[in-house]
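Working notes for the structure below.
Every number here is computed from the coordinates shown, using simple stated rules; none is lab data. Fair warning: this is a prediction, and the values are worked out from it, not measured in the lab. Here the Cβ positions follow ideal geometry from the backbone for every residue, glycine too, while neighbour counts run over all protein chains shown.
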Amino acid sequence: MLVCVRWYAAYPLSLRQLEEMMAERGVSVDHDTAHCWALKMLPVLAAVFRQRQRPVQGSWRMDETCILVGGKWKYLLWVVDRLGQTLDFLRTARRDVAAVRVLVEDSGLLMELRQSKYLNNIVEQDHRAIKRRLRPMLGLKTFHT
């Protein structure tokens, strides 16, 4: 089960491709079963990984990108530290500056806003992985996935 969930989360594979790969290894797994495993295990694994995450560097960058959710375009805000490690993300239906200000106020940290097109190169590189993962899935089906 963990191998299926790991491959599904780590690589841009569809569930049917995952089903074929497991069949080649002699394990009969339906694509719906692999999807159910992923829905149950990924939140638990994400919580465990978040606890073991390294401390945040003194500098981080935030950017946004658009993703297809249920046939409509939504915004994904992405935060990456200086080393390129993903810190957090936020999905929003609208380009909402107030939501970002609430996140900044809730953090309790003193933040300096610097706008430079060259500072976000690390974040832009991180978006590439998200887009590569979502392309075979033809976008997300619901906003909460």
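Figures for the structure shown
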| read-out | value |
| --- | --- |
| Within region 1-63, chymotrypsin sites (Phe, Trp or Tyr not before Pro) in DSSP loop having at most 14 other beta-carbon neighbours inside 10 Å | none |
| Calculated from backbone phi, Karplus (6.51, -1.76, 1.60) coupling profile of region 38-48 in Hz, x at Gly/Pro | 5, 4, 7, 8, 4, x, 5, 5, 5, 5, 5 |
| Around CYS66: net Lys/Arg minus Asp/Glu count, Cβ-Cβ under 13 Å | +4 |
| DSSP-assigned coil residues among trypsin sites (Lys or Arg not before Pro) in region 1-62, each with at most 12 further Cβ atoms within 10 Å | ARG25, ARG52 |
| Sum of side-chain charges, TYR75 neighbourhood, beta-carbon under 10 Å (Lys, Arg +1; Asp, Glu -1) | +2 |
| Kirkwood hydrodynamic radius of region 2-51, from inverse mean 1/r over distinct Cα pairs, in Å | 11.1 Å |
